[in-house]
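Below is one structure; the comments refer to it alone.
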Amino acid sequence: MVERRERTVSWRDGRVRLIDQTRLPHELVWLEIEDERTLGEAIREMRVRGAPAIGAAAAFGLALAAHASSATTVEALRADLAAAADRLRATRPTAVNLFGAIDRTLGAAAGKTPDEVRAAVLAEAQRIADEDVEACLAMGRLGATLLPDQATVLTHCNAGALATVDYGTALGVIRAGWQAGKVRRVLVDETRPLLQGARLTAWELAQDGIPLTLITDTMAGHFLHRGEVSAVIVGADRIAANGDVANKIGTYSLAVLAKENAVPFYVVAPTSTIDLSIASGDQIPIEERRPEEVTAFGGRTVAPSGVAVANPAFDVTPHRYITAIVTEVAVIRPPFEDGLRAAVAARSRKDGP
Ligand code: MRU
């Protein structure tokens, strides 16, 4: 098995370095991306994926655009950056980290000369990446305290090091729980249609030597009903002000099954995933992806040609199904509204002057 020893997304010598996640688990291929349009394509095609990872990648994408721009005035450079930001925003609609990282990087694009602006953009992108790693480590520490001893944890999709700059959100909690001797086993949903659980989470856990059992998504209810799951732990792509959570398709069904079987359901996400501008999950845009992702399995077509297909990439879990939301600032319990506001405010104070 190949090993991953560096950050999933990073800046190196004027290029953005990232793992091509479409090639895992068979090959560990590092891409060295030199221009913002190729980086946008990598986000759209899910070579890099997971809410925090695409936020950091897009911020570095703006740094690529700034360095490629031949603008000789600050105004012209800002116009080039705004155009690049529009292209990057159009890549994927659901994860709010993408939009937050782009806005934050543009907001930091200050300076008296184009070179000062270029340096400021890169510095902000680097800060976003560094803060994501810190946040993941903090969520791991906080979230692990929620786990009982000898826990069997069920997770969906990949909210690991591959979905972040490093360490992971839901998988960060599992890693920290494992290190604390509390996690016995992880049940990993394969996560149809793109198999992030089977391809990515299983790969990450195996690398860390954490015992895992791969199941199909449809088996989760069976194990929950038999009392074999201590907690369900997932990541998030966007959390509305009332605590409703958008995450990988299939999360909602899992949350309902967890509640029905009195199993705690934890969402682990940094404050950069909280969108206080959205009152409830109904307003979260849900990405619809290509039909071929559903009609084919492992590259082989399995459905009759021309069949009608729906392929929403995410669903919304209403807040009433969520036991707690773990952020880097605090573990937030229902009712979520005040706790989410306080976490975002605490985060902004830390970032402030
Ligand atoms: O479509 P993907 O693979 O980008 O979806 C990823 C998820 O849904 C993750 O659970 C979420 O982004 C949290 S990642 C820490």
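The values are calculated or read from the model by the stated rules, or taken from the named source; none is laboratory data. What you see is a predicted model; the values in this text were computed from it and never measured. Neighbour counts are summed over all protein chains in view; Cβ atoms, including those assigned to glycine, are modelled from backbone coordinates with ideal geometry. Ligands, DNA and RNA are excluded from the accessible area calculation, which covers all protein heavy atoms including side chains. Shrake-Rupley method; radii C 1.70, N 1.55, O 1.52, S 1.80 Å.
Two tests apply to each whole DSSP H helix in the chain, Cα reach of 20 Å or more along its axis and mean Kyte-Doolittle hydropathy of at least -1.0, and the ones passing both are 51-68, 74-89, 114-144, 336-351.
Amide H to amide H, with H built 1.01 Å from N, Ala296 comes under 5 Å of Val302, counting only residues 5 or more places away or on other chains.
With the charge dipole of the stretch 133-224 set up from +1 on Lys and Arg Cβ and -1 on Asp and Glu Cβ about the Cα centre, the Cα lying farthest toward the positive end among the listed residues Val183, Leu205, Met219 is that of Val183.
Accessible area per residue (1.4 Å probe, heavy atoms of protein chains only) ranks Thr191, Thr213 as Thr213, Thr191, with the largest value leading.
When only alpha carbons of the chain are considered, Rg and Dmax amount to 19.8, 66 Å.
For the chain, the share of DSSP beta bridges that are antiparallel, to the nearest 5, is 50%. Remark: the stretch 243-341 carries a charge dipole of roughly 260 debye about the Cα centre, counting +1 on each Lys and Arg Cβ and -1 on each Asp and Glu Cβ.
Per-residue accessible area (protein heavy atoms, 1.4 Å probe) orders Thr105, Thr22 as Thr22, Thr105, starting from the largest. Between the stretch 1-46 and the stretch 83-136, how many Å separate their Cα centres? Their Cα centres are 18 Å away from one another.
Over the stretch 9-136, what is the relative contact order in whole percent, taking alpha-carbon pairs under 8 Å and six or more residues apart?
The normalised contact order for the stretch 9-136 reaches 25 percent.
Given +1 at the Cβ of Lys and Arg, -1 at the Cβ of Asp and Glu and no other charges, the dipole of the chain around its Cα centre is 520 debye to the nearest 20.
Net charge in the neighbourhood of Arg289 (other residues with Cβ under 11 Å of its Cβ; Lys, Arg +1, Asp, Glu -1) is -2. The slack between Trp30 and Thr72, meaning 0.36 nm per residue of separation minus the straight C-alpha distance, is 11.8 nm. The helix-based estimate of mean residue ellipticity at 222 nm for the chain, built from -39,500 (n - 2.57) per DSSP H run of four or more residues and divided by its residue count, is -12500 deg cm²/dmol to the nearest 500.
Show Met46, Met219 ordered by accessible area, largest first, where the area counts protein heavy atoms only and the probe is 1.4 Å.
Numbers: Met46 15, Met219 80 Å².
Correct descending sequence by accessible area is Met219, Met46.
Kirkwood hydrodynamic radius, computed over distinct alpha-carbon pairs, for the stretch 1-153: how many Å, to one decimal?
Details: mean 1/r = 0.0614 Å⁻¹.
One decimal place: 16.3 Å for the Kirkwood radius.
As a fraction of the 1.4 Å probe accessible area of the stretch 243-341, surface on carbon and sulfur atoms comes out at 55 percent.
Rolling a 1.4 Å probe over the protein heavy atoms leaves His222 with an accessible area of roughly 90 Å². Calculated on the alpha-carbon coordinates, the convex hull of the stretch 99-213 measures out at 113 cubic angstrom per residue. Within the straight-line cut-off of under 12 Å between alpha carbons, the aspartates and glutamates reachable from Lys112 are Glu75, sequence neighbours fewer than 8 places apart in one chain being disregarded.
Per residue, the solvent-accessible area of the chain (1.4 Å probe, heavy atoms of protein chains only, all protein chains present) comes to 41 Å². Ranking Tyr266, Thr251, Ala240 by how far each Cα lies toward the positive end of the dipole of the chain (charges on Cβ) leaves Tyr266 at the top.
Taking a quarter of the surface of the Cα convex hull of the stretch 141-351 gives a mean projected area of 12.0 nm².
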